[in-house]
Amino acid sequence: MTILVTGAAGFIGSNFVLDWLNQSKEDVVSLDLLSYAGNLENLSSLDNNPRHHFIKGNIGDRELVSELLKKYQVRAIVNFAAESHVDRSIHESKYFIETNIVGTYNLLESARSYWSDLDQNLKQDFRFLHISSDEVYGSLNLTDPPSSESDPYKPNSPYSASKAASDHLVRAWFQTYKLPVLTVNSANNYGPYQFPEKLIPLCILNALKGKPLAIYGDGQQVRDWLYVKDHCTAIREILKAGQIGETYNVGRWSEKTNLEVVETLCAILDELEPKSNGKSYFEQITFVKDRPGHDRRYAIDASKLEYDLGWKPQETFETGLRKTVLWYLENETWMNHDVSGEYQDWVQKQYS
Ligand code: DAU
C-alpha cells in the first residue's frame, strides 16, 4: 500500500520521504504546493524511483486529495504541510490561517470521507498523522519542567496559534468521528534541506557569505534541538505503534540558548571551513532587535515516546550539527538555488 505525505518537498517532509522509502516497503505519494519553502530538488534522488509519485497541489483541494487517496489506496496520511516560520507569521498571518487551519480542516474532511468508505480491515489500518510543534505549549520559565502531552496549550505567535488550532481540529475529528489520528509535537528540528530562513541554516549561509549572524535580543532564549533524522524515526515508530487519538512529544532533551547554538556553529565552521584571513566566524555574531512576543524557552518531555514506543534519538546536538554543517558545505548549489528572488525580499524586510 501507499502513504500520502503532504508538504513532502519541504524540510522535514522531504527528509521523511527519503527515510521512509529506505526503511519501509510501502510506496509514497508526495503532495506539495511548492510554495517558497518547498523545493523539488530535495526529492530529486527519487526521480526514477517507481515507488515514489510526486503531485503538485494543495492539501485544501478536496477533489485532488480525494482522487489521490482512492487512486493510490492510501493507508496513512502524514501531514507536514504547514506555514512554519514564526517571523513570517508576525509579518503576514493570513497564510498561516489558510494553510495550517483551513488546510488541515479540508485534509481531515477528505480523509474522513475516504476512510468512512473503506472496508473494515483497511479502515482499521488507516492513520492520519499530524505533525505539530512544541510551540503550542507556549513559553516556559527556566525552572519549569519540560512540556508534556497533558500540559495546556498556550500559543503566543500567529504561527503557534495556527498550529494549536490545527491540533484541536485533529483531536476533534477523533473524538467526534473516530477518525484514527495521531499527533506529534516536535522540538526545533535541524539538518539537511532546511530552508535558510531558520536560525541554523541562515547562520551557516550568512557565515559563509561573510554576513552578520543576527541574534535576536540577548540570545538567551532556549530551544530544544532535534536532528531531523531522529524525528523521522520517531514518526515511523508512532505510525507503527502509536495509540490512536494520542499525542506524542518528540524532543532531544538538548536545551541550548540561541547564543550557544550560534557559537557552536561558528566553532564547527572554524574547524571545517577555516577563513583564509585567519579570522573566526565568531566575529560575525551581531545582536539585533528582538522578535515581538519572543518565547523565552521551549523544552519537551519526550518520555512517553521513549517509554511507550522505545524511541531514542541517535544524534547529540554536536554530532547532528556537525553532520548538518558538512551537508551544507557539500551542497552549496542547493543553498544558492534557494536564496534568490522572494528570499532576498524577505531578508530585506526582516533584517535591513
Ligand atoms: O519549536 C519548534 C518550532 O521551531 C517549529 O514548530 C517552527 O516551525 C520552527 O520555525 C521553529 O521555530 P523557532 O522560532 O524556534 O525557529 P527559528 O529558527 O526561527 O528561531 C530559533 C530561535 O532563534 C528563536 O528563538 C529565534 C532565534 N533567531 C532566529 C532567527 C531566524 C535569531 O536569534 N535570529 C534569527 O535570525
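The values are calculated or read from the model by the stated rules, or taken from the named source; none is laboratory data. All values derive from a computational prediction rather than experimental measurement. Positions of Cβ are backbone-derived with ideal geometry, glycine not excepted, and every protein chain shown enters the neighbour counts. The protein model used for the area step is the full one, side chains on, heavy atoms only, and it has no ligands, DNA or RNA in it. Shrake-Rupley method; radii C 1.70, N 1.55, O 1.52, S 1.80 Å.
To make sure I understand the rule: partners must be lysines, Cα under 25 Å from the Cα of residue 349, and not fewer than 8 residues away in the same chain. Which ones qualify?
Answer for residue 349, where 25 Å is the Cα cut-off: 94, 163, 198, 209, 211, 289, listed by chain and number.
Expressed as a whole percentage, what fraction of the accessible surface of the range 71-213 belongs to carbon and sulfur atoms when a 1.4 Å probe is rolled over the protein heavy atoms?
Its accessible area is 48 percent carbon and sulfur atoms.
Full extension from residue 26 to residue 92: what is 0.36 nm times the residue separation minus their Cα-Cα distance, to one decimal in nm?
20.0 nm
I need the trypsin sites (Lys or Arg not before Pro) found in the range 12-109, filtered to DSSP loop residues with at most 14 other beta carbons within 10 Å of theirs.
Filter output for the range 12-109: 25, 51.
Report, in whole Å, the centroid distance computed from the Cα atoms of the range 181-207 and the range 80-122.
20 Å
Suppose all protein chains stay in the model; what accessible area per residue would a 1.4 Å probe give for the range 287-352, in Å²?
56 Å²
Starting from the residue with the highest accessible area, list 240, 323, 154 in decreasing order, probe 1.4 Å.
Sorted by accessible area, descending: 240, 154, 323.
Based only on the alpha carbon positions, what is the Kirkwood hydrodynamic radius of the range 168-297, in angstrom?
Details: mean 1/r = 0.0588 Å⁻¹.
After inverting the pairwise mean of 1/r, the radius is 17.0 Å.
Select from 44, 186, 139 the residue whose mean-square fluctuation is largest in a Gaussian network model of the chain (Cα-Cα springs shorter than 10 Å).
For the chain, modelled as a Gaussian network with Cα springs under 10 Å, the answer is 44.
Which aspartates and glutamates, if any, have their Cα less than 12 Å from the Cα of residue 70, not counting same-chain residues under 8 positions apart?
Correct list for residue 70: 117.
What FRET efficiency, computed as 1/(1 + (r/R0)^6) with R0 = 51 Å and r the Cβ-Cβ distance, is obtained for residue 64 and residue 277, rounded to the nearest 0.05?
Values: r = 53 Å, r/R0 = 1.04.
FRET efficiency, residue 64 to residue 277: 0.45.
State whether the range 1-118 is rounded, prolate or oblate according to the following rule on the C-alpha gyration tensor (a ≥ b ≥ c being the square roots of its eigenvalues): a/c under 1.5 gives rounded; otherwise a/b larger than b/c gives prolate, and the remaining case gives oblate. Write out the running numbers ahead of the final one.
On the way: a/c = 2.21, a/b = 1.19, b/c = 1.85.
Judged from the Cα gyration tensor, the range 1-118 comes out oblate (a/c at least 1.5, b/c at or above a/b).
Starting from 0.36 nm per residue, how many nanometres of slack lie between residue 220 and residue 290 once their C-alpha separation is accounted for? If you can, show how the numbers build up before the last one.
On the way: separation 70, 0.36 × 70 = 25.20 nm, distance 1.11 nm.
Length difference between fully extended and current span is 24.1 nm.
Could you work out how much longer the chain between residue 35 and residue 259 gets when fully extended? Use 0.36 nm per residue separation minus the Cα distance between them, nm to one decimal.
That works out to 77.6 nm of additional length.
Starting from the Cα of residue 71, draw a straight line to each of the lysines and keep only those under 27 Å, dropping any in the same chain fewer than 8 residues away.
25, 56, 123, 178, 240
Could you give me the ³J(HN,Hα) list for the range 300-309, computed from phi with Karplus coefficients 6.51, -1.76, 1.60 and θ = phi - 60°, whole Hz, x at Gly and Pro?
10, 8, 9, 5, 4, 5, 5, 6, 6, 10
Under 10 Å, Cα contacts only: if you run a Gaussian network model on the chain, which one of 152, 192, 212 comes out with the highest mean-square fluctuation?
152
Rounded if a/c is under 1.5, else prolate if a/b is larger than b/c, else oblate: which is the range 186-236, with a ≥ b ≥ c the root eigenvalues of its Cα gyration tensor?
oblate
For the range 280-342, rounded, prolate or oblate, judged on the Cα gyration tensor with a ≥ b ≥ c (square roots of eigenvalues), a/c < 1.5 rounded, else prolate if a/b > b/c?
Note, shape of the range 280-342 comes out oblate.
Under 13 Å from a point 7 Å along the Cα-to-Cβ line of residue 351: which residues of the range 198-232 have their amide N that close?
Taking a point 7 Å out along Cα→Cβ of residue 351, the residues of the range 198-232 whose backbone N falls under 13 Å are 198-216.
Against the longest alpha carbon principal axis of the chain, how many degrees, from 0 to 90 and to the nearest 10, is the axis of helix 342-351 turned?
60 degrees
Using R₀ = 25 Å, calculate the FRET efficiency as 1/(1 + (r/R₀)^6) where r is the Cβ-Cβ separation of residue 125 and residue 56; round to 0.05.
Result of the calculation: an efficiency of 0.35.
According to the Kirkwood expression over distinct Cα-Cα pairs, how big is the hydrodynamic radius of the chain, in Å?
20.7 Å
Pick out which of 172, 302, 187 has the largest mean-square fluctuation in a Gaussian network model of the chain, springs linking Cα atoms closer than 10 Å.
Between 172, 302, 187, it is 172 that shows the largest mean-square fluctuation.
Using the Karplus curve 6.51 cos²θ - 1.76 cosθ + 1.60 with θ = phi - 60°, work out ³J(HN,Hα) for each residue of the range 199-206 in order, rounded to whole Hz, and write x for Gly and Pro.
3, 5, x, 4, 5, 4, 4, 5
Charges only on Cβ, +1 for Lys and Arg, -1 for Asp and Glu: so what's the dipole of the range 151-299 about the Cα centre, in debye to the nearest 20?
400 debye
Before I look further, what does the range 42-131 give for accessible area per residue, probe 1.4 Å, in whole square angstrom? Spell out each step's value before the answer.
Details: 4300 Å² over 90 residues.
Each residue of the range 42-131 exposes 48 Å² on average to a 1.4 Å probe.
In terms of solvent-accessible area of protein heavy atoms at a 1.4 angstrom probe, what is the ranking of 335, 1, highest value first?
1, 335
In whole angstrom, note down how far apart the Cα centers of the range 254-322 and the range 1-61 are.
27 Å
May I ask you to rank 143, 99, 257, 324 by accessible area, largest first, using a 1.4 Å probe over the protein chains only?
I get 143, 99, 257, 324, largest accessible area first.
Would you please give the residues with an amide H less than 5 Å from that of residue 186, counting only those at least 5 places away or on a separate chain, with H modeled from the backbone geometry?
Hits under the 5 Å cutoff: 132, 133, 134, 250.
Relative to the longest principal axis of the C-alpha atoms of the chain, give the angle of the C-alpha long axis of helix 158-177, reported between 0 and 90° and rounded to the nearest 10°.
On a 0 to 90 degree scale, this one is about 20.
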